[in-house]
Each structure stands twice: as structure tokens, then as C-alpha cells.
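Here's the structure we're looking at; comments come further down.
The values are calculated or read from the model by the stated rules, or taken from the named source; none is laboratory data. Just so it is clear, the structure is predicted and the values come from calculations on it, not from any experiment. Ideal geometry is used to build each Cβ from the backbone, glycine not excepted, and the neighbour counts take in all protein chains shown.
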Amino acid sequence: GWHLDETGYSFIRSITLNCWFVSQVFGAILAPMFTDLYGRKVAYVISALVMLVASTMQYIATITALPELLIAGRLLCGLCSPLSDAALILYLQECSPLEMRGAFSFLGETGYGLMCVFGMVLGMRSVLGHSLPQLFGVSVIPQVFFVVLLLFLPETPKFLMIIRNDRFGALKSLEFFQGEKKDNERLLDEYMREVN
């Protein structure tokens, strides 16, 4: 253990609180490349898995009093936060019907806002008290559920058609998300016209 004076404590606290924002810059730079290279689903699954590991690291850090582990967990969360945001919005926009794309994007952001409010409520002294380990532990449960759920969803039809040039896979994905319709083949052709 270290003996920290007021300056050292303030320095470590500042690093712990602000490392998130520094790593978010790098995550925002990497997100477009990652989603185009690996796909929206894979990017979202990987970001969710890394966030799960990061949340677990932060949980362990709070019960073992290891600030280095807490900082590393926050760095990982900050790095993957823009990736998961970008992958989610792309996923929702590319698998939803054209007339509902705006609503689906709005619902994604609404869900994000609701989870922020939920986190603030859990962080209140009257709910979980001063228990930071419980607050980090609560976040692990939905993450595991959603990672498993994501594994069973197909890649977006637009990504499969435009980036992978997989018309059959794109058609199957389109049928999964929007049902079997006569317009599905025409939609795939429209995806290709967007590129040209």
C-alpha cells in the first residue's frame, strides 16, 4: 500500500474520474472502422463483452481496494462505449423498415437515457447506500443476458449486402427482421444503389 498525501489522493481521484473521457476519444475514432470491418453485430457483441469484463474489473477493484484495476476498467469502458453506441444505432437503423428508422433510433436513445436514470436511482444513498461494489455488480446481470441474446440475432441486411456482398444472407436477415415480403428483393437492390 501507498501512503498518499492530499495531492496524491487528488491526482489519483482525477485520473480515475477523467480517464473515461480520454479513452472515449480513441473509441470514437475506432468505432466507424470497427463496425465497417467486422459488422454491426460483431462490433456490438465485442463491445458488450469488453464492457462486461470492464464492469467485472471495476467490481473487483472496489472490493479489493485496487485503484489501478478501477482505472483500467474505466479505460476499457470508455474505449468501448462509443463503439457500442455506434453499433447499436447502425444496427437499429439498418434492420428496421424505412418508415420506422427514426423511431427505432429514438427508442435506442430513449433506452440509453432510461438506463442512465436507473443508474442514478441505484446510486442514491437510500437505494444502495454507499455500496459501490453492489452498484458495479448490478450492471453485470443485464450485460450477460444481452450478450447471449445478441448471439442469436443475425447481422444487418444492409451490412451483408453492401459490405459483404452476400445477397442470400442479406435476404435471410431482411426476412428475419421485417418478415417475408415481395419488396425484399427490391430493397436489396436499393441498398446497392445507395453505394453507387
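Does Ile60 fit the bill of being more than 18 Å from Leu151 (Cα to Cα), part of a helix (DSSP H, G or I), of a type outside the set (S, T, N, Q) and at pLDDT 90 or above?
yes
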Residues in the range 121-140 that are modelled with pLDDT under 85 and either touching a Phe, Trp or Tyr at 6+ places or on another chain (Cβ under 8 Å) or in a helix (DSSP H, G or I) (or both) total 10
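Among the residues of the range 155-169 satisfying the criterion of being under 19 Å from Arg101 (Cα atoms) and in a helix (DSSP H, G or I), which is nearest to the chain's Cα centre (by Cα)? I'd like the intermediate steps shown before the answer.
Here is the first cut: in the range 155-169, the ones under 19 Å from Arg101 (Cα atoms) are 155-162.
Pick out the ones that are also in a helix (DSSP H, G or I) and you get 157-162.
Values: Pro157: 20, Lys158: 20, Phe159: 18, Leu160: 20, Met161: 23, Ile162: 23 Å.
The residue in question is Phe159.
Anything in the range 123-149 that is aromatic (Phe, Trp, Tyr), farther than 21 Å from Leu66 by Cβ and in contact (Cβ under 8 Å) with a residue 24 or more places away in the chain? List them, or say none. Spell out how you get there, then give the answer.
In the first step, residues of the range 123-149 are kept if they are aromatic (Phe, Trp, Tyr); the result is 136, 145-146.
Pick out the ones that are also farther than 21 Å from Leu66 by Cβ and you get 145-146.
Of everything in the range 123-149, just one residue is aromatic (Phe, Trp, Tyr), farther than 21 Å from Leu66 by Cβ and in contact (Cβ under 8 Å) with a residue 24 or more places away in the chain, namely Phe146.
Condition check ((1) part of a loop (DSSP other than H, G, I, E, B); (2) within 27 Å of the chain's Cα centre (by Cα)) across all residues:
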| position | (1), (2) |
| --- | --- |
| Leu150 | no, yes |
| Leu153 | yes, yes |
| Leu171 | no, yes |
| Glu180 | yes, no |
| Asp189 | no, no |
| Met192 | no, no |
Given the condition exposed (fewer than 15 other Cβ atoms within 10 Å of the Cβ) and among the aliphatic types (A, V, I, L, M), answer yes or no: does some residue in the range 157-173 qualify? no
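Given the criterion surrounded by fewer than 21 Cβ atoms within 10 Å (Cβ to Cβ) and either within 30 Å of Phe159 (Cα to Cα) or under 15 Å from the mean Cα position of the chain (by Cα) (or both), identify the matching residue among Tyr44, Tyr38, Tyr9.
Details: Tyr44 fails: surrounded by fewer than 21 Cβ atoms within 10 Å (Cβ to Cβ); Tyr9 fails: either within 30 Å of Phe159 (Cα to Cα) or under 15 Å from the mean Cα position of the chain (by Cα) (or both).
Exactly one residue qualifies, and that residue is Tyr38.
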